[in-house]
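K.L.:
To start, I am sharing the structure in question, which I have written as structure tokens.
Where a number appears in this text, it was derived from the coordinates with a stated rule and is not lab data. From a predicted model like this one, the values you see are computed outputs, not experimental measurements. Using ideal geometry, Cβ is built from the backbone for each residue, glycine included, and neighbour counts are taken over all protein chains shown.
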Amino acid sequence: RQELYRELRSKPSTSKDGVHIDLLMNAGLAVDLPQLADSGAAGIGLFRTELQFMVAATFPRAEAQERLYRDVLDIARGKPVTFRTIDIGGDKVLPYFKGAGQEENPALGWRAVRLTLDRPGLLRTQMRALLRAAGGHELKVMLPMVTELGEVAQAREIIDREVRHLSRFGHLLPTSLKIGAMLEVPSLLFQLDELMEAVDFVSVGSNDLFQFVMATDRGNSQLADRFDPLSVPFLRVLRRIVEAGKRANRPVTLCGELAGKPISAMALVGLGYRSISMSPASIGPVKAMLTELPVGELTAFIDENLAGNSARLPMRALLQTFADDR
Ligand code: PEP
Ligand code: MG
């Protein structure tokens, strides 16, 4: 298998019937970066910037942030990178930062973009570091845990101010700046068309989205086998998102753990996802699956089985049979 994955590394990530899928990797620290070449990923779909904060003894200084972002872009050598602004709180606590995570319901609490909008100095410093590091490059930044569109507008104001500031002082700016939202909170499902208008791209954080749609703690091992992301309701949610992206001509990626398991990556492609981001070790197995996948046939199969509500086998079993038969 390892040999096969190595062989596939330089091959295009294209399905049996010629559909190209961008296979991106998730990363968060400098030590992850060599995996970009080793895995054959087309880019970094999720760079978790909070990891630098989590391994530090105190808030990383602006210079340290800028240095890391510069290294990432240097090593990516023109492959696309999507930086996520710090996603602190919930399951990601900083011992030196009181308040976040020490709540009754941390998953529903003061975290991610909520926290950085309340402490705009954190977002300003990070954005300045990103903008400086990406001078002369494309820059893609996404906001975690967006719940309402006002948060995107507020973040944009802060970002625009940083752009104006750097430009006034003659800094080399990014060649383009794209601002995206992570779709992790179900409220966005009821304003998908407006969301697509408000952002340049969307990335589905399926770990958190599943947790909130199914009211199921993502870290509770007692619940691990209870609810299935490949069940009808969650697949319908995922399909709605990708369809809204198509309507608005906005790129939609998915960067949760779902993307890294061949059977669920297969389902995502069948639902219409053309870009997915996963841990680097999953790129080989997912690409191997993809090269044998007839996407057209799968899409028809999924459409048929997601429609209506007559009694049938669970979707996971149906998808597994589809995969085994091919
Ligand atoms: C997610 O929630 O799916 C995601 C990609 O973000 P994280 O796992 O870092 O919360
Ligand atoms: Mg998340």
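K.L.:
If you take the charge dipole of region 179-222 about its Cα centre, with +1 on Lys and Arg Cβ and -1 on Asp and Glu Cβ, which of LEU192, VAL204, ILE179 is farthest toward its positive end?
P.N.:
VAL204
K.L.:
Order these peptides, 267-274, 219-226, by their mean beta-carbon neighbour count within 10 angstrom, highest first.
P.N.:
Working: 267-274: 22.0, 219-226: 9.5.
Descending packing order for the listed peptides: 267-274, 219-226.
K.L.:
Sticking with this structure for a sec: Quick one: in region 119-278, what % of C-alpha pairs are over 28 Å apart?
P.N.:
Details: 3564 of 12720 pairs.
Result for the distance tail: 28 percent.
K.L.:
If each Cα of region 43-135 is one equal point scatterer, what is log10 of I(q)/I(0) from the Debye formula at q = 0.13, 0.22 Å⁻¹?
P.N.:
These q points yield log10 I(q)/I(0) values of -0.44, -1.12.
K.L.:
Which one of GLU194, GLU151, GLU138 has the biggest mean-square fluctuation once the chain is modelled by GNM with Cα springs under 10 Å?
P.N.:
GLU194
K.L.:
Sorted from largest down, what three extents in whole angstroms do the Cα atoms of region 70-182 have along their principal axes?
P.N.:
Sorted from largest, the Cα extents of region 70-182 read 45, 28, 26 Å.
K.L.:
In terms of the ratio Rg/(2.2 N^0.38 Å) built on C-alpha atoms, what value belongs to region 236-326?
P.N.:
Numbers: Rg = 13.1 Å, N = 91, 2.2 N^0.38 = 12.2 Å.
Its radius of gyration relative to the 2.2 N^0.38 Å reference: 1.07.
K.L.:
Show the residues, 5+ positions off or on another chain, whose built amide H is closer than 5 Å to the amide H of LEU24.
P.N.:
Here the answer is ALA42, ILE276, SER277, MET278, since their amide H atoms fall under 5 Å of that of LEU24.
K.L.:
Among LEU166, ILE86, LEU108, which residue has its Cα furthest toward the positive end of the charge dipole of region 84-198, with +1 on Lys/Arg Cβ and -1 on Asp/Glu Cβ?
P.N.:
Farthest along the dipole direction, towards plus: LEU166.
K.L.:
Sticking with this one: Could you work out Rg/(2.2 N^0.38 Å) for the chain, with Rg from alpha carbons only?
P.N.:
Values: Rg = 19.7 Å, N = 326, 2.2 N^0.38 = 19.8 Å.
Compactness ratio reported: 0.99.
K.L.:
Å³ per residue of the Cα convex hull, for region 133-185? Could you put the intermediate results ahead of the total?
P.N.:
Values: hull volume 3.5 nm³, N = 53.
Value for region 133-185: 66 Å³ per residue.
K.L.:
Find how many whole Å separate the alpha carbon centroid of region 163-235 from the alpha carbon centroid of region 107-124.
P.N.:
15 Å
K.L.:
Also: With a/c under 1.5 counting as rounded, go ahead and sort region 1-47 into rounded, prolate or oblate using the C-alpha gyration tensor (a ≥ b ≥ c being the square roots of the eigenvalues; past the cut-off, prolate if a/b is larger than b/c, else oblate). Can you show the working numbers first?
P.N.:
On the way: a/c = 3.31, a/b = 1.50, b/c = 2.21.
Judged from the Cα gyration tensor, region 1-47 comes out oblate (a/c at least 1.5, b/c at or above a/b).
K.L.:
Whole Å is fine, so just give me how far the alpha carbon centre of region 1-52 lies from that of region 262-305.
P.N.:
Measuring centre to centre over Cα atoms gives 15 Å.
K.L.:
Looking only at the chain, where both bridge partners belong to it, what percent of the DSSP beta bridges are antiparallel (to the nearest 5)? All intermediate terms of the calculation are to be shown ahead of the outcome.
P.N.:
Details: 2 of 29 bridges.
The antiparallel fraction comes to roughly 5 percent.
K.L.:
Using the Cα centre as the reference, give the magnitude of the dipole from point charges on the C-beta atoms of the chain (Lys, Arg: +1; Asp, Glu: -1; all else neutral), rounded to the nearest 20 debye.
P.N.:
Working: 40 positive and 39 negative charges, 148 e Å.
Dipole magnitude for the chain comes out near 720 debye.
K.L.:
Restrict the search to region 90-193; then list the chymotrypsin sites (Phe, Trp or Tyr not before Pro) that DSSP places in a loop and that have at most 15 other Cβ atoms within 10 Å of their Cβ. Present the calculation step by step, with values, prior to reporting the outcome.
P.N.:
Working: sites: TYR96, PHE97, TRP110, PHE169, PHE190; in loops: TYR96, PHE97, TRP110, PHE169.
Passing sites in region 90-193 are TYR96, PHE169.
K.L.:
Using Cα-only point scatterers and the Debye equation, what is log10 of I(q)/I(0) for region 172-255 at each q in 0.16, 0.18, 0.27 Å⁻¹, rounded to two decimals?
P.N.:
Results for region 172-255 at q = 0.16, 0.18, 0.27 Å⁻¹ read -0.63, -0.75, -1.34.
K.L.:
Only four residue types carry charge here, +1 at the Cβ of Lys and Arg and -1 at the Cβ of Asp and Glu. Report the dipole size of region 136-244 about the Cα centre in Debye, rounded to the nearest 20.
P.N.:
Numbers: 11 positive and 16 negative charges, 45 e Å.
Charge dipole of region 136-244: 220 debye, to the nearest 20.
K.L.:
A follow-up question, please. Considering the options ALA265, VAL295, GLN65, tell which one lies farthest towards the positive end of the dipole of the chain, charges being +1 on Lys and Arg and -1 on Asp and Glu at the Cβ, about the Cα centre.
P.N.:
GLN65
K.L.:
So which trypsin sites (Lys or Arg not before Pro) in region 73-126 are both in a DSSP loop and have at most 12 other Cβ atoms within 10 Å of their Cβ? Don't jump to the answer; show the numbers that get you there.
P.N.:
Numbers: sites: ARG77, ARG84, LYS92, LYS98, ARG111, ARG114, ARG124; in loops: ARG77, LYS98, ARG111.
Answer by residue number: ARG77, LYS98.
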